[in-house]
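Participant: One structure, as structure tokens, below. Some questions next.
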Amino acid sequence: MEAARETRLPCAAMAILTPLSLADARRIGALYGLEIADVRGLLAGSVNSNFALTLADGRGQVFLRVYEEQQLGAASREARMLEHLAAGGVATPQPLRRRDAAPSDTDAASDGAAFVAEHAGKPVALFPWVGGASLCQARVTPDATRRVGAALARVHLVGASFEGANASRFDLDGLDQRLRGLRSPAGARSTAPAPALPPDVAAAVDELTGRLERIRAAAPRTPGPQTLIHGDLFRDNVLWEAGEISALLDFESASRGSAAFDLAVTMLAWCFGDDLDPDLVSALAAGYTAVRPLSTEERDRLFHESVIAALRFSITRITDFELRPKGSGVYKDFRRFLARQRTLERLGPEGLLALLGV
Ligand SMILES: Nc1ncnc2c1ncn2[C@@H]1O[C@H](COP(=O)(O)OP(=O)(O)OP(=O)(O)O)[C@@H](O)[C@H]1O
Ligand SMILES: N[C@@H](CCO)C(=O)O
């Protein structure tokens, strides 16, 4: 196992929700054939409780995650998916196998039971320690977006043969439901904005509702080709070391979905400084297509999927950040994604394809 090279304290730092004593860590480590000398809580991530375990044999550390929101079945399925991706050459840490796992425990029927243990009634998985740090926007160069594009294409290529990916929670119906919840938290059929919403949020909800209706009306007749998508490949989900990607992280939103949608999410997340940066966009697309050319249908869907991607993050940033108590962790501004949506509309389908150069 590689030794840790640096301490990371990301802006999304949270408390450890589930404590893990050295005795707990030793019991869990033993299930994976590891002798643990030390355990350290990590202020990393905003959902799960994460720990660095030091190995007694001097081979460095492993990363232990306690899944705070996923049940055993979902965590096992995610571990099986990560194993599939890592085994296929995607740069993501391959979950460690339990020593007592039977060969069949990695297959779809057992749903990845080989990788997951339990602690305090919650699922736990172990991963090799990965060095590296995420990039701030000012350090994102065309070389970086080219690498990100290539890494995303590998997820789509390798993920295509993964059986068992879930449907996305963020399809148009899921987004519509979130907007309805915002307009009427009680779930009534009212179409009036809920009075509790601050005026600018209520106005955004109106704007997004209109947009969702327009997107539905203009939607292609079929869902188009599907593969396994990451769904959330933002800067904080990619670690870098010496100018290269050391890990893609956080496959929590991974699902069956459109590669064009995933490429659009990644473009929206990586290629905007103050405004859309054409050099970052064309490098991202070039990196992607060098590994996995887009099919004609995927290319034709790029604009449609881009406006859905902008809609998705505008809405989830309202429900998951704007309306939660401030000061309790990371805050992500939905207004940035409203602005990105307007940029896309200004560009139009032909303008977007010209920028991407596909
Ligand atoms: N295998 C690993 N080795 C070393 N550090 C890791 C490893 N996996 C994750 N990390 C660190 O932990 C941080 C949180 O990871 P991740 O995003 O997967 O966690 P999370 O708890 O699901 O939180 P969130 O979804 O909010 O990001 C990462 O940003 C990274 O710094
Ligand atoms: N990456 C998301 C948050 C996690 O899904 C965002 O920036 O809105």
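Participant: Evaluate the following for L182: is it within 16 Å of ligand 1 (Cβ to nearest atom), more than 30 Å from T296 (Cα to Cα) and not in a loop (DSSP other than H, G, I, E, B)?
Facilitator: Spelling it out, it is not the case that L182 is within 16 Å of ligand 1 (Cβ to nearest atom), more than 30 Å from T296 (Cα to Cα) and not in a loop (DSSP other than H, G, I, E, B).
Participant: When the residues of the stretch 208-243 are narrowed to those that are β-branched (V, I, T) and away from ligand 1 (no atom under 16 Å from the Cβ), which ends up farthest from A91 (Cα to Cα)? Please lay out each step first, then the result.
Facilitator: Initial filter on the stretch 208-243 (β-branched (V, I, T)): 209, 215, 222, 227, 229, 238.
Checking the rest, the ones that are also away from ligand 1 (no atom under 16 Å from the Cβ) come to 209, 215, 222, 227, 229.
Details: T209: 37, I215: 34, T222: 32, T227: 18, I229: 14 Å.
Filtering first and then ranking leaves T209.
Participant: While we're on this one: Tell me which residues, restricted to the stretch 46-60, are touching a residue at least 60 places away in the same chain (Cβ under 8 Å) and surrounded by fewer than 21 Cβ atoms within 10 Å (Cβ to Cβ).
Facilitator: S46, V47, A52, G60
Participant: Given the residues P225, P198, P278, P220, which is the only one that is surrounded by fewer than 21 Cβ atoms within 10 Å (Cβ to Cβ) and in contact with a Lys or Arg (Cβ under 7 Å, 6 or more places away or on another chain)?
Facilitator: After applying the criteria, what remains is P220.
Participant: Among the listed residues A25, A37, A79, which satisfies the condition of being free of Cβ contacts under 8 Å to residues at least 24 places away in the same chain and more than 11 Å from ligand 1 (Cβ to nearest atom)?
Facilitator: Only one candidate qualifies: A37.
Participant: Here is a further query. Taking the stretch 158-175 on its own, how many of its residues are assigned to a helix (DSSP H, G or I) and over 13 Å from M81 (Cα atoms)?
Facilitator: Selection size over the stretch 158-175: 4.
Participant: Looking at the structure I just gave you, is A44 of a type outside the set (V, I, T), within 16 Å of ligand 2 (Cβ to nearest atom) and at pLDDT below 95?
Facilitator: It is true that A44 is of a type outside the set (V, I, T), within 16 Å of ligand 2 (Cβ to nearest atom) and at pLDDT below 95.
Participant: Sticking with this one: Among the residues of the stretch 156-164, are any modelled with pLDDT under 95 and surrounded by 12 or more Cβ atoms within 10 Å (Cβ to Cβ)?
Facilitator: First, the residues of the stretch 156-164 that are modelled with pLDDT under 95: 163-164.
Filter once more, so that each one left must be surrounded by 12 or more Cβ atoms within 10 Å (Cβ to Cβ): 164.
Checking the stretch 156-164: at least one residue is modelled with pLDDT under 95 and surrounded by 12 or more Cβ atoms within 10 Å (Cβ to Cβ).
Participant: From R346, R340, R317, grab the single residue that is surrounded by fewer than 20 Cβ atoms within 10 Å (Cβ to Cβ), at pLDDT 95 or above and not polar (S, T, N, Q).
Facilitator: Every option except R346 fails the conditions.
Participant: Between S295, S246, S314, which is under 25 Å from T92 (Cβ atoms), touching a Phe, Trp or Tyr at 6+ places or on another chain (Cβ under 7 Å) and of a type in the set (S, T, Y)? Let's see the steps before the verdict.
Facilitator: Values: S295 fails: touching a Phe, Trp or Tyr at 6+ places or on another chain (Cβ under 7 Å); S314 fails: under 25 Å from T92 (Cβ atoms).
Unique residue meeting the criteria: S246.
Participant: Right, next: Can you tell me how many residues in the stretch 279-308 are of a type in the set (V, I, T) and free of Cβ contacts under 8 Å to residues at least 60 places away in the same chain? Break it down stepwise before answering.
Facilitator: In the first step, residues of the stretch 279-308 are kept if they are of a type in the set (V, I, T); the result is 281, 289, 291, 296, 307-308.
Filter once more, keeping what is free of Cβ contacts under 8 Å to residues at least 60 places away in the same chain: 296.
Total satisfying the criteria: 1.
Participant: Still on this structure, I have one more. Here are V148, V155, V205: which of them is away from ligand 1 (no atom under 16 Å from the Cβ) and not in a loop (DSSP other than H, G, I, E, B)?
Facilitator: Every option except V205 fails the conditions.
Participant: Looking only at the stretch 232-260, how many residues end up being in a loop (DSSP other than H, G, I, E, B) and either within 16 Å of ligand 2 (Cβ to nearest atom) or surrounded by fewer than 22 Cβ atoms within 10 Å (Cβ to Cβ) (or both)?
Facilitator: Looking only at that region, the number is 11.
Participant: I've got another one for you. Report whether or not A254 is touching a residue at least 24 places away in the same chain (Cβ under 8 Å), of a type in the set (G, A, S) and away from ligand 1 (no atom under 16 Å from the Cβ).
Facilitator: In short, no.
The values are calculated or read from the model by the stated rules, or taken from the named source; none is laboratory data. None of these values were measured; they are calculated from a predicted model. Glycine also receives a Cβ, built like all others from the backbone with ideal geometry; neighbour counts cover every protein chain displayed.
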